[in-house]
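Since the structure comes first, as C-alpha cells, the remarks are kept for the end.
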Amino acid sequence: MKPPRREPTALRELLDILAGRIQRVDLRLIDELRDRWRREADPVLAQRCRLEHIDRGVLVISVPSGAFAERVREETPAILAIFSYLGPRAPTALRTVQKEL
C-alpha cells in the first residue's frame with residue numbers, strides 16, 4: 001500500500017491563516033495599555049510585571065514569581081479599572097503567567 005501523498009498547502013490558505021491570527025492581536029492597543037500601566041499601576045507591579053497581550057478580553061500579565069501572581073489576583077479590580085476608559089475594548093479579566101523577566 002502506497003502512503004498518501006501530502007500536497008503542499010497553498011500559499012493563499014497559509015496567508016488566510018496568518019491574517020486571522022494578526023487580526024486577533026492589536027499591537028497598538030497593547031502598546032497603549034503598557035504605557036498606561038507604567039503610569040497608573042502600582043509602581044512595584046509596573047516595574048516587575050509585563051503586559052503580554054489580550055486574548056478575547058483576557059489581559060495576560062507576565063509575573064516573576066508566585067507572590068507577584070497572587071498580588072495581581074488581589075488587585076484585579078484596580079488593575080481592570082485602569083483600562084476601563086477603553087469601554088468595550090477594555091479587558092474584562094486577567095491571567096498571569098510566570099516568566100523570568
The chain - Kirkwood radius from inverse mean 1/r over Cα pairs (Å): 15.5 Å
Length released on extending from Ile17 to Leu29, taking residue separation times 0.36 nm less the Cα-Cα span: 2.2 nm
The chain, helix-only ellipticity at 222 nm - DSSP H runs n ≥ 4, -39,500 (n - 2.57), divided by all residues, nearest 500: -14000 deg cm²/dmol
The chain: angle of helix 11-23 to the longest principal axis, Cα-based, in degrees nearest 10: 10 degrees
Helix axis angle, 27-40 relative to the chain longest principal axis, alpha carbon, degrees: 20 degrees
Kirkwood Rh, angstrom, region 50-101 [1 / mean 1/r, Cα pairs]: 11.1 Å
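Read the figures in this text as sums done on the coordinates, not as results from a lab. Only a predicted model underlies this, so the values are computations on that prediction, with no experimental measurement involved.
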